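The values are calculated or read from the model by the stated rules, or taken from the named source; none is laboratory data. Quick caveat: nothing in here was measured; it's all calculated off a predicted structure. For neighbour counting, all protein chains shown are included, and Cβ atoms are generated from backbone atoms with ideal geometry for every residue, glycine included.
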Amino acid sequence: MFVASGRQSDNSSVTIEENVTYASVDGSDLRLDIYKPATHNDRRPAVVLIHGGGWTSFDKSTMHGMGQFLARAGFVGFSVDYRLFQGGENRWPAQLDDVQRAVRWVRANAAKYGVDNGRVGAFGHSAGGQLAALLGMEDTRDNSDTALAKYSSRVQAVVDASGPTDFTIDHDQQTDAFFTRFFGGDYSRHADLWRDASPIYHVAKGDAPFLIVHGTQDAMVAMSQSEELLRKLQAAGVPASLVKVNDGHTFTTPEGRRQLAISAAEFFRQYLS
């Protein structure tokens, strides 16, 4: 296992351990960064942080600020990389398999990092929001890693920020062409593939509690996607709420980012503490 040396963050109350390998898939290492309160001996709740980027770009470093914020709030954050869809490789559901594997790895290594493996949440933005949502709904899809077979990949609380929830609606030529490649089939003949990736179609009574956060000026993912997920979750009896932030898709304003971070921390305190 490759582990970079730990270092102190800008805030001395947080320790960061970077580039810990949590899996090797098809010859490539998948890594995560760990954000911990600098001093703690008890088992704390964990939050798996999942970056966005349209399943094709960005990496775990984009969750640096949120990782530090949650560690200062008393959680252990695990910001994860997952396989990106590039050059026609790593089609869906490779990304879901990877983040499910990451959750199981966190549970398998809970004692080492001072984590209570019965209190694990997920925070995701955009494409990461879709992945986080499915972590709160679905059991492990790929059980090929025997070392992790006894650990669940389901999380106990989900924060979905700006995540798409239903790929069967809001069609246009450009996005349809991308998802046809990503899912491995066009919608007209393979609608089942598009539904399978849509959190809307996985809502059930036993799902984890959800906090959905969406920018009122989001021009990339329609607010209606989050509103419909909220309706479906509440109809199924799942604790769920929607916070609308006066910001765009990526929460670029200081006020928007602060509202997102504080809302997430309060939600995780409620359901993981």
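Just a few scattered comments:
- Tally of residues being under 10 Å from the mean Cα position of the chain (by Cα), over 17 Å from LYS36 (Cα atoms) and among the hydroxyl-bearing types (Ser, Thr, Tyr) across region 69-127: 1
- Applying the criterion of at least 1 residues that are in contact with a Ser or Thr (Cβ under 6 Å, 6 or more places away or on another chain), at pLDDT 95 or above and on the phi < 0 side of the Ramachandran plot to the helices (runs of 4 or more DSSP H) found wholly in region 1-113 leaves 64-72, 94-108.
- Pairing each residue of region 176-194 that is in contact (Cβ under 8 Å) with a residue 60 or more places away in the chain and over 18 Å from GLN86 (Cα atoms) with any residue that is among the hydroxyl-bearing types (Ser, Thr, Tyr) and surrounded by fewer than 13 Cβ atoms within 10 Å (Cβ to Cβ), provided the two are 6+ apart or on different chains, yields no C-beta distance under 8 Å.
- Unique match (being crowded, with 16+ Cβ neighbours inside 10 Å, small (Gly, Ala, Ser) and in a helix (DSSP H, G or I)) among ALA132, ALA208: ALA132
- Unmet criterion (only one of (1) assigned to a helix (DSSP H, G or I); (2) small (Gly, Ala, Ser); (3) more than 21 Å from GLY52 (Cα to Cα)) for ALA177: (3)
- Looking across region 141-156, the residues that are touching a residue at least 60 places away in the same chain (Cβ under 8 Å) and closer than 21 Å to VAL47 by Cβ come down to VAL155, GLN156.
- Flag for VAL159 being closer than 23 Å to ALA265 by Cβ, touching a residue at least 40 places away in the same chain (Cβ under 8 Å), β-branched (Val, Ile, Thr) and touching a Pro at 6+ places or on another chain (Cβ under 9 Å): no
- Test: residue in region 227-242 that is over 21 Å from VAL159 (Cβ atoms) and part of a helix (DSSP H, G or I): no
- For region 233-265, residues that are surrounded by fewer than 20 Cβ atoms within 10 Å (Cβ to Cβ) and within 14 Å of PHE210 (Cβ to Cβ) total 9.
- Selected residue (only one of VAL155, VAL213 is part of a loop (DSSP other than H, G, I, E, B), surrounded by 13 or more Cβ atoms within 10 Å (Cβ to Cβ) and under 15 Å from the mean Cα position of the chain (by Cα)): VAL155
- If you check VAL106, VAL115, VAL48, VAL76 for being over 18 Å from GLN270 (Cα atoms), touching a residue at least 40 places away in the same chain (Cβ under 8 Å) and buried (at least 17 other Cβ atoms within 10 Å of the Cβ), only one passes: VAL106.
- Single residue of region 16-25 satisfying the filter (free of Cβ contacts under 8 Å to residues at least 24 places away in the same chain and of a type outside the set (A, V, I, L, M, F, W, C)) that is surrounded by the fewest Cβ atoms within 10 Å (Cβ to Cβ): SER24
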